[in-house]
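**Student:** Handing you this structure, nothing more for now.
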Amino acid sequence: MTSAEILELQAQNVSVTFGGGEPALRSVDVTIRPGEITAIVGPNGSGKSTLLRAMGRLLRPTDGAVLLDGVDILKRPTRELARDLGILPQSPIAPEGLTVVDLVSRGRDPHRRWFDQWAASDEDIVNLALEKTGMLELAHARVDDLSGGQRQRAWIAMALAQETRVLLLDEPTTYLDVAHQLDVLELIQRMNTVDRATIVMVLHDLSMAARYSDRIIALSDGEIVADGTPQEVITPAVLATVFDLGATVILDPLTRRPHVLPGRRLGAHW
Amino acid sequence: MTATGEIRPLQRSVRIGRVSAIWRPRAVAVAASAVLLTLAISILALGIGDFIMTPDRVVATLLGQGNASEQLIVLTVRLPRILTGIAAGIALAVAGAIMQTTARNALASPDLLGVTAGASAGAVAVITLGGTASASGFLREVGVPTAAMLGALLATVLVLVITGRTGLSGIQPLLVGIGVSAFFTGAVSWFLISAPIKDAARANVWLTGSLNQRSWPEFWPIALSILVAAVVLVPLAHRLDSFQLGNDIARSTGVPVARTAIVLIGISVLLTAVSAAAVGPLGFVALMAPHVIRMASGTTRASLFGAAAVGAFVVVASDLVARTVLAPIQLPAGAVIAIIGGPFLVWLLISQRRKTSL
C-alpha cells in the first residue's frame, strides 16, 4: 500500500436521525483524501452541518461510524484525538472579556498536561498562529471587541495552534462581507498548502467553494448527490437537482474555476 | 521605539521543574490579598466577643504563648467556630465557581438553582422525622450530612432534567431554581409542622444558617470534603477554561465534556451539601464570591483558589458582624450575608440583562 492510499477521514454508512423525525443523513459513505480541501455544499437542511459534525465527533451517528486512519473516532481517547482532528463549529462564542492570545492558547490544550500548563514551545506555536492569521497586533484585544472577520481569524488561529492534521470548518465565512470571505478562505488555503492540513468545510457560496476547494461534495436530503472536482460538480445539471435552481455556469477567467450565475427557481416552492 | 520584528513575549510564564503555568500578576495579587484579608479578619474575630483580646494576644495564643484563660477562649471556644466558617465559605464559593463556569451562566449557583433548598429538606427531614428529640446523637451526626447530600442530589437531578428542556441560557436556570426551591421549601414547612415541637425548634435553628454553637464536629466533614475536592479539582481545573468556549470547542480541543461536567457538578453538589449540613443554608456566598474574584482579577472566569479565599472572608466577616452588631443578641451569619447578597443579586440581574439584550 502506498502512502497515497492512506485513508485519512472516512464516514462509513453514517446515518443521523434527530428525535424520531426524518433522518438528517441517510447512510452516507465518504472518504476525505489527505492533503485536499473538500467543500460540502447543499441547500439548507440538506445535512451538510450534520455530516461535518458527525465527522468531527460533535455528533454521535445513529448508525455507521467515522474512522480516522481506520480507527473509530468515538473509540479513541478524546485528548489524543484532539491532536489529530479539530473542528470549528459555526459562529462560536467566546466568553466576555477573553483576549485573542488567551483564546488562541486554548488550542494548545490537547498537547499539554495539567502540571505543565505553559511550555516554551506552546508560546512559539501560539505566536506563529497569530502571525500567520495576521492577529499578532490584536493579540491583547478582547475577542468581543473584534470585527466579524477578525473574530473568525482569531478562531482559526486557535485551530491552527491545535496543529491537527485534519481540520473541519462549519461555514467559516458566515456573516462576512465578500472581501473578508476572501481573507478567511485565502487563510484556509494557506493552512492547506503551507501546513499540509487536510481541510473539510461547509460553504454556502458555490462560487467560493469552486474557487478554493479541490473537491466538492453536494448533499441533498441527507444523501450525496454529486462528488468530484469543482468542474464536475458545479454544473447546471447538478445545480438543478440539488438546489432546484436554473443557473448558468461560466469559467472565471482569473481562477479558471466555475462561477455560478443564478437564474431562476425551478418549480413552485411554497 | 518602534522596532520592527521585535517579538514581545505574549504571555509571561513561570516554570518550576516540569511544572509551568501562565503568570497573571493581577490575579495572583488579588488572590493573595483575599487570603491576607481572611487571615486578618479571622484574627480579629478570634479576639472579639464577651472577652476581648487584642490581635497580638490572639496571635501569641495561637502560637502557644497564651495563659490558660486565653487558650480556652481562643483555641477551645472561638477557633473551631471560625475554622468552620472558613471551611463553609471555601466550600460554597468553590461550589458556586464550578457551577457558574460549567453551566456558562453567571446566575447558576447552588443556592439559586435550588440545590441548597434540597439539602435543607434532606437535613430537616432527618432532624424531624429521624426519631424523637431523644434519638441518639450518632444517628443525627451521620444522618444529617447524608440526608443533606441526598436532598441536594435530588434537587440537582430535578434541575438538570428541567433545564434539559428549557435550556441553560439567560434567566431560565434561575426560574427553574425558583420552582425547585419552592418545592423543597414546601417540604421543609411540612416537616416542621408535623414534627414534635423540640425537633422543629432544633431544625429551625439549623435553617437560619449560622455559626452559633458550631465546633469541630461541624468543621471536619467540610474540611475533609474540601480535601477530596482539591485532589479531584487540581488536574481538572484547567478544563474549566475550555468549558467557557462551549461544549463543541471543548470537545474539539480534547475535553471529555459529559464525563467532566458530571464530575464537576458532583463536586459542587458535595461541597454545597456538606456545608449546608454543617452550618445550615448560607445563601449568596456561592453566587457572590466567584463574581467578586473574577471582576477584581480581570479574568473571564473565577479562579477556584481566589473564589475560595473570598468565600471564607465573606462568611467569617458576616459572622463577626452578626454576633457583635446587636450584642449580646447573636444574629445568624446567614442574615447578614443575605442583607449584602440581595442587592448584589439585583445588581447582577440588571447588568446581565444589559449584556444579553443585544
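The values are calculated or read from the model by the stated rules, or taken from the named source; none is laboratory data. Keep in mind that this is a model prediction, so the values were computed, not measured. We place every Cβ from the backbone using ideal geometry, glycine too, and count neighbours over all the protein chains shown.
**Student:** Which condition number does B:Gly179 fail, the rest of (1) buried (at least 17 other Cβ atoms within 10 Å of the Cβ); (2) at pLDDT 85 or above being met?
**Tutor:** Among (1) buried (at least 17 other Cβ atoms within 10 Å of the Cβ); (2) at pLDDT 85 or above, the lone unmet condition for B:Gly179 is (1).
**Student:** Six or more apart or on different chains, Cβ atoms under 8 Å: show the pairs whose first residue is in segment A:47-67 and closer than 20 Å to B:Val257 by Cβ and whose second is aliphatic (A, V, I, L, M) and assigned to a loop (DSSP other than H, G, I, E, B).
**Tutor:** Taking only residues 6 or more apart or on different chains, the pairs are A:Thr50/A:Leu59; A:Arg53/A:Leu59.
**Student:** Related question: Confirm whether B:Asp241 is under 30 Å from A:Val143 (Cβ atoms), touching a Pro at 6+ places or on another chain (Cβ under 8 Å) and either assigned to a helix (DSSP H, G or I) or at pLDDT below 90 (or both). Walk me through it before giving the result.
**Tutor:** Values: under 30 Å from A:Val143 (Cβ atoms): yes; touching a Pro at 6+ places or on another chain (Cβ under 8 Å): no; either assigned to a helix (DSSP H, G or I) or at pLDDT below 90 (or both): yes.
When the stated conditions are applied, B:Asp241 does not pass them.
**Student:** A further question follows. Within the set of pairs 6 or more residues apart or between chains, which connect a residue that is assigned to a loop (DSSP other than H, G, I, E, B) inside segment B:36-55 to a residue that is basic (Lys, Arg) with Cβ atoms less than 9 Å apart?
**Tutor:** Hits for this filter: B:Ile48/B:Arg78; B:Ile48/B:Arg323; B:Gly49/B:Arg78; B:Gly49/B:Arg323.
**Student:** Of the conditions (1) part of a helix (DSSP H, G or I); (2) crowded, with 20+ Cβ neighbours inside 10 Å, B:Asp111 fails just one. Which one is it?
**Tutor:** Condition (1) is where B:Asp111 drops out.
**Student:** Within segment A:68-100, count every residue that is crowded, with 16+ Cβ neighbours inside 10 Å and either under 21 Å from A:Thr174 (Cβ atoms) or aromatic (Phe, Trp, Tyr) (or both).
**Tutor:** 9
**Student:** Quick check, is B:Leu211 within 14 Å of another protein chain (Cβ to nearest Cβ), in a loop (DSSP other than H, G, I, E, B) and either in contact with a strand residue (DSSP E or B) (Cβ under 8 Å, 6 or more places away or on another chain) or surrounded by 22 or more Cβ atoms within 10 Å (Cβ to Cβ) (or both)?
**Tutor:** Numbers: within 14 Å of another protein chain (Cβ to nearest Cβ): no; in a loop (DSSP other than H, G, I, E, B): yes; either in contact with a strand residue (DSSP E or B) (Cβ under 8 Å, 6 or more places away or on another chain) or surrounded by 22 or more Cβ atoms within 10 Å (Cβ to Cβ) (or both): yes.
The answer is no for B:Leu211.
**Student:** Quick one: which of A:Ala65, A:Ala39 is surrounded by fewer than 19 Cβ atoms within 10 Å (Cβ to Cβ) and at pLDDT 95 or above? Lay out the reasoning, then the answer.
**Tutor:** Working: A:Ala39 fails: surrounded by fewer than 19 Cβ atoms within 10 Å (Cβ to Cβ).
None of the others qualify; the one that does is A:Ala65.
**Student:** Oh, and also: Check every one of the helices (runs of 4 or more DSSP H) wholly within segment A:167-270 and list those with 3 or more residues that are among the β-branched types (Val, Ile, Thr).
**Tutor:** The qualifying helices (runs of 4 or more DSSP H) are A:178-193, A:236-243.
**Student:** What is the number of the single condition among (1) within 12 Å of another protein chain (Cβ to nearest Cβ); (2) under 26 Å from A:Ala209 (Cα atoms); (3) at pLDDT 90 or above that A:Leu103 does not meet?
**Tutor:** (2)
**Student:** In this structure, is A:Glu22 among the acidic types (Asp, Glu) and under 22 Å from A:Glu171 (Cβ atoms)?
**Tutor:** Working: among the acidic types (Asp, Glu): yes; under 22 Å from A:Glu171 (Cβ atoms): no.
In short, no.
**Student:** Would you mind stating whether B:Leu62 is at pLDDT 90 or above, within 28 Å of the chain's Cα centre (by Cα) and away from chain A (no Cβ under 14 Å)?
**Tutor:** Values: at pLDDT 90 or above: yes; within 28 Å of the chain's Cα centre (by Cα): yes; away from chain A (no Cβ under 14 Å): yes.
The answer is yes for B:Leu62.
**Student:** Quick one: would you say B:Ile267 is touching a Leu at 6+ places or on another chain (Cβ under 8 Å), more than 24 Å from B:Leu348 (Cα to Cα) and either away from chain A (no Cβ under 14 Å) or of a type in the set (Phe, Trp, Tyr) (or both)? Working first, answer last.
**Tutor:** Details: touching a Leu at 6+ places or on another chain (Cβ under 8 Å): yes; more than 24 Å from B:Leu348 (Cα to Cα): yes; either away from chain A (no Cβ under 14 Å) or of a type in the set (Phe, Trp, Tyr) (or both): yes.
The answer is yes for B:Ile267.
**Student:** Okay, next question. Please specify each residue of segment B:189-214 satisfying the condition of being farther than 16 Å from B:Gln330 by Cβ and in contact (Cβ under 8 Å) with a residue 12 or more places away in the chain.
**Tutor:** The answer is B:Phe191, B:Leu192, B:Ser194, B:Ala195, B:Pro196, B:Lys198, B:Asp199, B:Ala200, B:Arg202, B:Ala203.
**Student:** Moving on to the next point. Anything in segment B:211-238 that is touching an Asp or Glu at 6+ places or on another chain (Cβ under 8 Å) and either at pLDDT 85 or above or within 24 Å of B:Phe284 (Cα to Cα) (or both)? List them, or say none.
**Tutor:** Within segment B:211-238, B:Leu211, B:Pro217 meet the criteria.
**Student:** Any chance you could count how many residues in segment A:132-159 are within 22 Å of the chain's Cα centre (by Cα) and facing chain B (nearest Cβ under 9 Å)?
**Tutor:** Counting residues in segment A:132-159 that are within 22 Å of the chain's Cα centre (by Cα) and facing chain B (nearest Cβ under 9 Å) gives 3.
**Student:** Another question about this same structure. In segment A:65-72, is there at least one residue being of a type outside the set (Gly, Ala, Ser) and touching a Phe, Trp or Tyr at 6+ places or on another chain (Cβ under 9 Å)?
**Tutor:** Of the residues in segment A:65-72, the ones of a type outside the set (Gly, Ala, Ser) are A:66-69, A:71-72.
From what is left, the residues that are touching a Phe, Trp or Tyr at 6+ places or on another chain (Cβ under 9 Å) are none.
No: zero hits.
**Student:** Another one. Is it the case that segment B:180-187 has a residue that's closer than 21 Å to B:Phe284 by Cβ, away from chain A (no Cβ under 14 Å) and among the hydroxyl-bearing types (Ser, Thr, Tyr)?
**Tutor:** Restricting attention to segment B:180-187, the residues satisfying the condition of being closer than 21 Å to B:Phe284 by Cβ are B:180-185.
Cutting the leftovers down to away from chain A (no Cβ under 14 Å) gives us B:180-185.
Subset that is among the hydroxyl-bearing types (Ser, Thr, Tyr): B:181, B:185.
Yes - at least one qualifying residue is present in segment B:180-187.
**Student:** Hey, another quick one. Hey, among B:Pro290, B:Pro281, which residue is buried (at least 21 other Cβ atoms within 10 Å of the Cβ) and within 14 Å of another protein chain (Cβ to nearest Cβ)?
**Tutor:** Details: B:Pro281 fails: within 14 Å of another protein chain (Cβ to nearest Cβ).
Being buried (at least 21 other Cβ atoms within 10 Å of the Cβ) and within 14 Å of another protein chain (Cβ to nearest Cβ) holds for just one of B:Pro290, B:Pro281, which is B:Pro290.
**Student:** Out of everything in segment A:101-124 that is of a type in the set (A, V, I, L, M) and more than 25 Å from A:Thr173 (Cβ to Cβ), what residue ends up being surrounded by the most Cβ atoms within 10 Å (Cβ to Cβ)? Even if it seems obvious, please write down each step before you answer.
**Tutor:** Keep residues of segment A:101-124 that are of a type in the set (A, V, I, L, M), which gives A:101, A:103-104, A:119-120.
Checking the rest, the ones that are also more than 25 Å from A:Thr173 (Cβ to Cβ) come to A:119-120.
Details: A:Ala119: 17, A:Ala120: 10.
Within segment A:101-124, the match that is surrounded by the most Cβ atoms within 10 Å (Cβ to Cβ) is A:Ala119.
**Student:** Another question about this same structure. Run down A:Gly97, A:Gly86 and say which single residue is at the interface with another protein chain (Cβ under 8 Å from one of its Cβ atoms), in contact with a strand residue (DSSP E or B) (Cβ under 9 Å, 6 or more places away or on another chain) and either among the hydroxyl-bearing types (Ser, Thr, Tyr) or within 17 Å of A:Ala161 (Cα to Cα) (or both). Can you show your working first?
**Tutor:** Numbers: A:Gly97 fails: either among the hydroxyl-bearing types (Ser, Thr, Tyr) or within 17 Å of A:Ala161 (Cα to Cα) (or both).
Going through A:Gly97, A:Gly86 in turn, just one is at the interface with another protein chain (Cβ under 8 Å from one of its Cβ atoms), in contact with a strand residue (DSSP E or B) (Cβ under 9 Å, 6 or more places away or on another chain) and either among the hydroxyl-bearing types (Ser, Thr, Tyr) or within 17 Å of A:Ala161 (Cα to Cα) (or both): A:Gly86.
**Student:** In the list B:Asp241, B:Asp248, which residue meets the criterion of being in contact (Cβ under 8 Å) with a residue 24 or more places away in the chain, within 14 Å of another protein chain (Cβ to nearest Cβ) and within 28 Å of A:Arg79 (Cβ to Cβ)? Step through it out loud before you land on a result.
**Tutor:** Numbers: B:Asp248 fails: in contact (Cβ under 8 Å) with a residue 24 or more places away in the chain.
Going through B:Asp241, B:Asp248 in turn, the sole match is B:Asp241.
**Student:** Here is a follow-up. Quick check: anything in segment B:310-330 assigned to a helix (DSSP H, G or I), closer than 30 Å to A:Gly56 by Cβ and among the hydrophobic types (A, V, I, L, M, F, W, C)? Steps first, answer last, please.
**Tutor:** The initial filter retains those residues of segment B:310-330 that are assigned to a helix (DSSP H, G or I), namely B:310-324.
This time we only want the ones that are closer than 30 Å to A:Gly56 by Cβ, so: none.
The answer is no; no qualifying residue exists.
**Student:** Here's another thing I want to ask about it. Which one of these does B:Ala21 not meet: (1) modelled with pLDDT of 90 or more; (2) of a type outside the set (Val, Ile, Thr); (3) in a strand (DSSP E or B)?
**Tutor:** (1)
**Student:** Would you be able to say whether some residue in segment A:60-82 is within 11 Å of another protein chain (Cβ to nearest Cβ), small (Gly, Ala, Ser) and within 30 Å of B:Arg294 (Cβ to Cβ)?
**Tutor:** Among the residues of segment A:60-82, at least one is within 11 Å of another protein chain (Cβ to nearest Cβ), small (Gly, Ala, Ser) and within 30 Å of B:Arg294 (Cβ to Cβ), which makes the answer yes.
**Student:** So, of the residues in segment B:214-238 that are surrounded by 17 or more Cβ atoms within 10 Å (Cβ to Cβ) and of a type in the set (Val, Ile, Thr), which turns out to be farthest from the other protein chains (Cβ to nearest Cβ)?
**Tutor:** Here the residue is B:Ile222.
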